[in-house]
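Take a look at the structure below.
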Amino acid sequence: MKYASFLGCTLPSRAHNYEASARLVGNKFGIELVDIFDFNCCGLPLKSAHFETYLAIAADNLAIAEAKGLPLVVFCNGCFGALSEANEHLKHNAKDRKMVNELLKPLGKEFNQGVKIIHFSRVLYEDVGIQRIKEEIVRDLKGIRIAPHYGCHYFRPGEVHENDENPKNPTSLDMLIEVTGATSISYEDMLQCCASPVLGTSEKIAVRIGKKKLDHIKAAGADLMVIHCPLCSIMYDQYQPTIEKQFNVEYKIPVLYYTQLLGLAMDFDPTELGLKKNKVKVNDLLAKIENIS
Amino acid sequence: MTRESQDQSNTYDDEVLNLDPNFKYEITKQTGGEKLLRCLQCGTCAGICPVFEVDERYDPQKIIKMALNGMRKELLSSELIWMCSTCYACNEYCPQDVMVADLMCAIQNIATRYGYPAPALEDKIQILKYHARTLPLDNFDNKKRLKLKLPSIEEKPQDITQIIENTGIERILENALTPVTNEIAGAVSEDRR
Ligand code: SF4
Ligand code: SF4
């Protein structure tokens, strides 16, 4: 299992906990992540301003992966959506393919067939498989109640993703959670957006949307929330104390990347999984897990 | 878009009278806007929209209606078009497959061309152009990466610099008029949770 690893903008500077935990658990399953340091931003930040520039920046990355002949593994839902959409668009739109290839030619790159793009959680789910993951679970997380947050671009829009996830009712993250022995709970408006894209234009609107999900998760009695996108982490982990202060509420809901949760169930050291980097403190959760067996 | 900003505009009456019947075709020619004319104004998109749920001034159904009615300048200059969270829920549930999220992106692209870019767009372009990423990376980041045994990463902006220079995105901004102000952030109605 060999993949070109696309880190994007947020992982390298703000989500070391995600990157470190993904590398650790991936290694255990024989997932070979080839670091390609020529990758840059996925292009998403310019999509709303100038579609052609977004396509060209995305295509630059896709062409690098294509030349290496490797599937592209992506960790951020934002990058995953942006690259998948550009890949599909360029496969089917000859005019835009010509336009980007004219821009890429002087750089010695070309978009031909496109590449297979896969989210890291889907690598675990599809390529490693639930059965194989089960074999590595050494610490059963029985009794831990987890609220999954899929994040929009992991499963929407359905047309751009080449997998069997139902865009109205995705299930892969629930299954990945349950293999650890924990319970994946459902809660009101479970598939709703984190709204972090709105933070830049209207923080007030964005935090209201973020707050609603934290309210629903608290009401459902979750011990923690599991995500697999660094942009969702900005809203639920980084902004959680801000929301608590602003609305005078208390959540204290730990927000773990799925790879951190899996790493705990595989008995990796919490520090190596970057758990000290999570903003909402995880000590009570770790104590609870410690007391299970 | 707000009542206040309409009142401040002395050309408001003209705007209403000068509806642009070609605006909808301009949108259908922009990538993502192709399916605008299929909209039946059923309101499903507004019903599912997380932004509308917390602030009714952002109403995707109404934005589409303004587009269909040719309210060109009023829509392009509105700060509301930048409030979409690109969650794609509307795409999934629209009975007419209008692809509302893509349509918003088409309107945003046209607005940018006509001098109404998103707030801070110019800074964003410059950072991307010279750092190849939205969050610049320095030695400090790499030291922190090392602590978790992560490989260090060097910025390699050469190719992206060329791409940005050649797509014409900067010329669009140079020719643009004064950007719209971002006044909505302070104006969320307090009666809604
Ligand atoms: S859901 Fe579709 S058809 Fe209904 S108002 Fe929205 S865009 Fe129009
Ligand atoms: S994509 Fe935009 S308009 Fe559509 S539901 Fe999400 S926030 Fe609302």
(request) Of the numbered conditions (1) surrounded by 24 or more Cβ atoms within 10 Å (Cβ to Cβ); (2) part of a helix (DSSP H, G or I); (3) in contact with a helix residue (DSSP H, G or I) (Cβ under 7 Å, 6 or more places away or on another chain), A:L24 fails exactly one; give the number of that condition. (result) (1)
(request) Under 6 Å between Cβ atoms, at least 6 apart or on separate chains: pull out the pairs that start in segment A:204-233 with a residue that is more than 9 Å from chain B (Cβ to nearest Cβ) and end on any residue that is of a type in the set (K, R) and open to solvent by 10 Å² or more (accessible area, probe 1.4 Å). (result) A:A222/A:R145; A:D223/A:R145
(message) Can you pull out every residue in segment A:265-274 that is open to solvent by 10 Å² or more (accessible area, probe 1.4 Å) and more than 14 Å from every other protein chain (Cβ to nearest Cβ)?
(response) A:M266, A:D267
(request) Would you confirm whether any residue within segment B:116-139 is touching a Lys or Arg at 6+ places or on another chain (Cβ under 8 Å), crowded, with 20+ Cβ neighbours inside 10 Å and not in a loop (DSSP other than H, G, I, E, B)? (result) no
(request) Run A:H216 past the list (1) touching a strand residue (DSSP E or B) at 6+ places or on another chain (Cβ under 7 Å); (2) part of a helix (DSSP H, G or I) and report the number of the one that doesn't hold. (result) (1)
(message) Looking at B:Q126, B:Q96, can you tell me which residue is within 11 Å of ligand 1 (Cβ to nearest atom), modelled with pLDDT of 95 or more and farther than 18 Å from A:G81 by Cβ?
(response) B:Q96
(message) Going residue by residue through segment A:275-289, is there one that turns out to be within 13 Å of another protein chain (Cβ to nearest Cβ), modelled with pLDDT of 95 or more, within 24 Å of A:I205 (Cα to Cα) and open to solvent by 10 Å² or more (accessible area, probe 1.4 Å)?
(response) no
(request) Scan segment B:68-79 and give yes if some residue there is near ligand 1 (Cβ under 10 Å from one of its atoms) and open to solvent by 10 Å² or more (accessible area, probe 1.4 Å), otherwise no. (result) yes
(message) Taking the conditions exactly as written (in a helix (DSSP H, G or I), surrounded by fewer than 21 Cβ atoms within 10 Å (Cβ to Cβ) and touching a Gly at 6+ places or on another chain (Cβ under 6 Å)), does A:K105 satisfy them or not?
(response) no
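Residues checked against (1) within 9 Å of ligand 2 (Cβ to nearest atom); (2) of a type in the set (A, V, I, L, M, F, W, C); (3) farther than 18 Å from A:S196 by Cβ:
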residue: B:L80; (1), (2), (3): no, yes, yes
residue: B:C84; (1), (2), (3): yes, yes, no
residue: B:Q96; (1), (2), (3): no, no, yes
residue: B:V100; (1), (2), (3): yes, yes, yes
residue: B:M104; (1), (2), (3): yes, yes, no
residue: B:A111; (1), (2), (3): no, yes, yes
residue: B:Y114; (1), (2), (3): no, no, yes
(request) Can you confirm whether segment A:84-97 contains a residue that is more than 9 Å from every other protein chain (Cβ to nearest Cβ), of a type in the set (D, E) and not in a helix (DSSP H, G or I)? (result) no
(message) Could you go through segment A:137-148 and let me know if any residue there is in contact with a strand residue (DSSP E or B) (Cβ under 8 Å, 6 or more places away or on another chain) and outside the structural domain of A:D215 (by TED's automatic domain parsing).
(response) no
(message) Against the condition buried (at least 21 other Cβ atoms within 10 Å of the Cβ), in a helix (DSSP H, G or I), within 7 Å of another protein chain (Cβ to nearest Cβ) and among the hydrophobic types (A, V, I, L, M, F, W, C), how does A:A49 come out, does it pass?
(response) no
(request) Please name all residue pairs, on different chains or six or more residues apart, with Cβ atoms under 7 Å, provided the first residue is in segment B:121-136 and is of a type in the set (G, A, S) and the second residue is open to solvent by less than 20 Å² (accessible area, probe 1.4 Å). (result) B:A132/A:N40; B:A132/A:C41; B:A132/B:I160
(request) Could you check B:W82 against (1) open to solvent by less than 30 Å² (accessible area, probe 1.4 Å); (2) touching a Lys or Arg at 6+ places or on another chain (Cβ under 6 Å) and say which number it fails? (result) (2)
(request) Just need a number here: residues in segment B:38-57 that are surrounded by fewer than 14 Cβ atoms within 10 Å (Cβ to Cβ) and either away from ligand 2 (no atom under 16 Å from the Cβ) or farther than 16 Å from B:E92 by Cβ (or both). (result) 3
(request) All but one of (1) buried (at least 23 other Cβ atoms within 10 Å of the Cβ); (2) modelled with pLDDT under 95; (3) of a type in the set (S, T, N, Q) hold for A:N17, so report the exception by its number. (result) (2)
(request) Identify the single condition in (1) away from every other protein chain (no Cβ under 11 Å); (2) free of Cβ contacts under 8 Å to residues at least 24 places away in the same chain; (3) buried (at least 19 other Cβ atoms within 10 Å of the Cβ); (4) not hydroxyl-bearing (S, T, Y) that B:N91 does not satisfy, given that it satisfies every other one. (result) (1)
(request) Of the numbered conditions (1) open to solvent by 40 Å² or more (accessible area, probe 1.4 Å); (2) small (G, A, S); (3) more than 8 Å from chain A (Cβ to nearest Cβ), B:A111 fails exactly one; give the number of that condition. (result) (1)
(request) Mind listing whichever residues of segment B:58-78 are within 13 Å of ligand 2 (Cβ to nearest atom), in a loop (DSSP other than H, G, I, E, B) and touching a residue at least 24 places away in the same chain (Cβ under 8 Å)? (result) B:Y58
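The values are calculated or read from the model by the stated rules, or taken from the named source; none is laboratory data. Predicted, not measured: the structure shown is a model, and the values here were computed from it. For neighbour counting, all protein chains shown are included, and Cβ atoms are generated from backbone atoms with ideal geometry for every residue, glycine included. Ligands, DNA and RNA are excluded from the accessible area calculation, which covers all protein heavy atoms including side chains. Shrake-Rupley method; radii C 1.70, N 1.55, O 1.52, S 1.80 Å.
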